[in-house]
Amino acid sequence: MRTIGYHHGDLRRTVLDAAVDAIGESGLDGWSLRELARRAGVSHAAPAHHFGDKAGLLTALAAEGFDLLADTLREAGPDFLEAGLAYVRFATEHPVHFGVMFQPKLYRADDDAVRHARDRAGALLAQGARTVATSEGSENTARAGWSIAHGFASLWLAGALSVPPDTDPVDAARPVLRRLLDR
């Protein structure tokens, strides 16, 4: 357990990290702000001071997740296939963020930080779609690519794909995502 005093270090980051650990272990329903405070080694009121309530904490996780996704897509560059593979990589490396981001009823989806980060990630995906489709068709191409990458990542995380145990998710996703481009 990490311990940090209320007035020492980055308490917000510590509580977010504790939330990722707790959600990863117990799921979205198996934790409380009090549990996060215990994990972080702070008073039970400290998480509420920073986030207000569970929805506030999940809002912060969603915003962080969309920012991480946008950074991952930016690093992949404008190649649409690489963007899709980066999406799968992000989902498998950050499954808790991924799980929260796409359940907007759990958090404040209209929060400025969430909207900004979500829009940034969407713009990067759309940029990649424009490299393989006409401007009229790029929106549908972006949705198709997102749907395929998201579906693959979701199935992977659920353990629903029959693959050998040591298979890398990005390697497994490559031929699936390539089908979109091989029309």
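The values are calculated or read from the model by the stated rules, or taken from the named source; none is laboratory data. Just so it is clear, the structure is predicted and the values come from calculations on it, not from any experiment. Heads up, the Cβs are rebuilt from the backbone with ideal geometry, glycines too, and the neighbour counts pull from every protein chain shown. When the accessible area is computed, the model is the full protein with side chains, heavy atoms only, and any ligands, DNA or RNA have been set aside. Shrake-Rupley method; radii C 1.70, N 1.55, O 1.52, S 1.80 Å.
Within the chain, what whole-number % of the accessible surface is contributed by carbon and sulfur, with the 1.4 Å probe and all protein chains included in the calculation? Answer for the chain: carbon and sulfur cover 52 percent of the accessible area. Applying the criteria of a DSSP loop state and at most 16 other Cβ atoms within 10 Å to the GluC sites (Glu not before Pro) of region 39-135 yields no site.
Just checking the listed ones, D17, D110, D29: in the Gaussian network model of the chain with Cα springs under 10 Å, the one fluctuating most is D29. Comparing L180, H97, V170 along the charge dipole axis of region 54-183, the residue lying farthest to the positive side is L180, per the Cβ-charge model. Between region 94-135 and region 33-70, the C-alpha centres lie 20 angstrom from each other. In region 69-161 the Cα-Cα distances spread across 5 Å bins starting at 0 as 2, 15, 23, 24, 20, 12, 4, 0 percent of all pairs.
The Rg/Rh ratio for the chain is 1.03, where Rg is the radius of gyration of the alpha carbons and Rh is the Kirkwood radius. For the options L124, L73, L155, a Gaussian network treatment of the chain with springs between C-alpha atoms closer than 10 Å singles out L155 as fluctuating the most. Adding -39500 (n - 2.57) for every DSSP H run of four residues or longer, then dividing by how many residues the chain holds, sets the calculated 222 nm ellipticity at -22500 deg cm²/dmol.
For the chain, the solvent-accessible area of protein heavy atoms averages 53 Å² per residue (probe radius 1.4 Å; ligands and nucleic acids excluded). For region 1-100, which chymotrypsin sites (Phe, Trp or Tyr not before Pro) are in a loop by DSSP, counting at most 16 other Cβ atoms within 10 Å? Sparse-neighbourhood loop chymotrypsin sites (Phe, Trp or Tyr not before Pro): Y6.
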